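Beneath this line is the structure, given in structure tokens, with notes to follow.
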Amino acid sequence: MGNVKEKSYCSYGEYFITQTQKAMETSGKIQHWADTHHPSWLDFIRIALGLFILYKGILFISNTGALLEIMKNSELQFFNLALAHYVAFAHLVGGLLIALGLVTRFAIIFQLPILFVAVFFVNIEQGFLSVSNNLEFELSLIVLILLFVFLFYGSGRVSLDYWMKKHPNW
């Protein structure tokens, strides 16, 4: 057993810091690979995705009748009101940030819970390729998949993130 080297940590804090550093190094390597292997056409899909999410946020705000109907049928009206404000704000601001390519991964993190709920809890009840929900399930699923793609690949070259990285003293 003399050949086996075991690392001993003095405390859980040191172990946690070491594991966090390893995770950050791995995350940095993945981000570097994604930045160097990002095809240009993917930027235009990111812009379209951001504009679509922004559009859905505008539709969500403009359709207050449906929002009031949802809240009327629920016992947790305050929670639903807060949730509706979160969804509207996240779609409006997040869609704009994704389209501009500014803090894209951060904006996507706020979109993921919304789309996860939309795909797996709200729109799945109508079924796949259902005419009754105007293909909301399929659109939600495509947007969710694209959000994961851009969470991995980042904003790309046609973005404010890339421009700010190349012009740090502007």
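For the reader, a short list of remarks on this structure follows.
- Selection from region 148-157 of residues that are open to solvent by 70 Å² or more (accessible area, probe 1.4 Å) and in a loop (DSSP other than H, G, I, E, B): 157
- Residues that are among the aliphatic types (A, V, I, L, M) and under 12 Å from the mean Cα position of the chain (by Cα), drawn from region 77-92: 90
The rows are residues; the columns are (1) part of a helix (DSSP H, G or I); (2) of a type outside the set (D, E, K, R); (3) modelled with pLDDT under 80; (4) over 24 Å from residue 108 (Cα atoms).
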residue	(1), (2), (3), (4)
7	no, no, yes, yes
14	yes, no, yes, yes
30	yes, yes, yes, no
35	yes, no, yes, no
39	no, yes, no, no
44	yes, yes, no, no
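- Members of region 138-162 found to be closer than 14 Å to residue 42 by Cβ and among the aliphatic types (A, V, I, L, M), listed by number: 145, 146, 147, 149, 151, 158
- Residues that are modelled with pLDDT of 75 or more, among the hydroxyl-bearing types (Ser, Thr, Tyr) and within 30 Å of residue 97 (Cβ to Cβ), drawn from region 16-28: 20, 26
- Looking only at region 95-108, and only at residues there that are open to solvent by 10 Å² or more (accessible area, probe 1.4 Å) and either aromatic (Phe, Trp, Tyr) or at pLDDT 95 or above (or both), the one that is farthest from residue 43 (Cα to Cα): 106
The values are calculated or read from the model by the stated rules, or taken from the named source; none is laboratory data. This structure is a prediction, so every number in the text was calculated from the model and none was measured. Heads up, the Cβs are rebuilt from the backbone with ideal geometry, glycines too, and the neighbour counts pull from every protein chain shown. For the accessible areas, the whole protein counts, side chains as well, though only heavy atoms, and no ligand, DNA or RNA atoms are used. Shrake-Rupley method; radii C 1.70, N 1.55, O 1.52, S 1.80 Å.
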